[in-house]
1. Any idea how many residues of segment 78-95 are open to solvent by 70 Å² or more (accessible area, probe 1.4 Å) and either assigned to a loop (DSSP other than H, G, I, E, B) or in contact with a helix residue (DSSP H, G or I) (Cβ under 9 Å, 6 or more places away or on another chain) (or both)?
2. Can you find, within segment 17-26, the residue that is most open to solvent (accessible area, probe 1.4 Å) among those that are farther than 14 Å from Asp74 by Cα and within 16 Å of the chain's Cα centre (by Cα)?
3. Count, please, the residues in segment 39-51 that happen to be loosely packed, with under 14 Cβ neighbours inside 10 Å and modelled with pLDDT of 90 or more.
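The values are calculated or read from the model by the stated rules, or taken from the named source; none is laboratory data. Owing to the predicted nature of the structure, the values given are computational and were not obtained by experimental measurement. FYI the Cβ positions are ideal-geometry reconstructions off the backbone, even for glycines, and counts take in every protein chain you see. With ligands, DNA and RNA removed, areas are computed over all heavy atoms of the protein, side chains included. Shrake-Rupley method; radii C 1.70, N 1.55, O 1.52, S 1.80 Å.
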Amino acid sequence: YEKKHLETLYKLFRPLFFYARQNNKMIGYCVYKLVPNLSGLRIRCMKACLFSIAVLPSSRGSGVGKKLLQITLDFLKAQNVVEVYLYVHSDNESAVHLYQEFGFRVDPGKKDSLTVDRGIMYMSLNWR
């Protein structure tokens, strides 16, 4: 990813953004979005969508992505989030494997405009 792309994401999603740095350089990030589940006038539970997670090619395989995901999930759990979901390309085997290591499961019945005929899978992690 280009430096400009990472900087733009950071500026847009700063409060919802964890990042990894090495030698004063951003080498990876994880962006999430909180999604309240409203029922009547009360928020019953909170969900979160992992919007984007990426590591620079030169830093892949070093555990940066795993650490970013762990920090993000720990933070979300502390915020009383009960479910985290994401969309991932089915051919991105390393990402799918990483998510499965953390307990994410594929929901083949989940279909929407993002997943139909595009090779994209819906995965979720439920702490209920």
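1. Total meeting the criteria: 5.
2. Ranking the candidates gives Tyr19 first.
3. Filtering segment 39-51 down to residues loosely packed, with under 14 Cβ neighbours inside 10 Å leaves 39-44.
Going one step further and asking which of them are modelled with pLDDT of 90 or more, we end up with none.
The total comes to 0.
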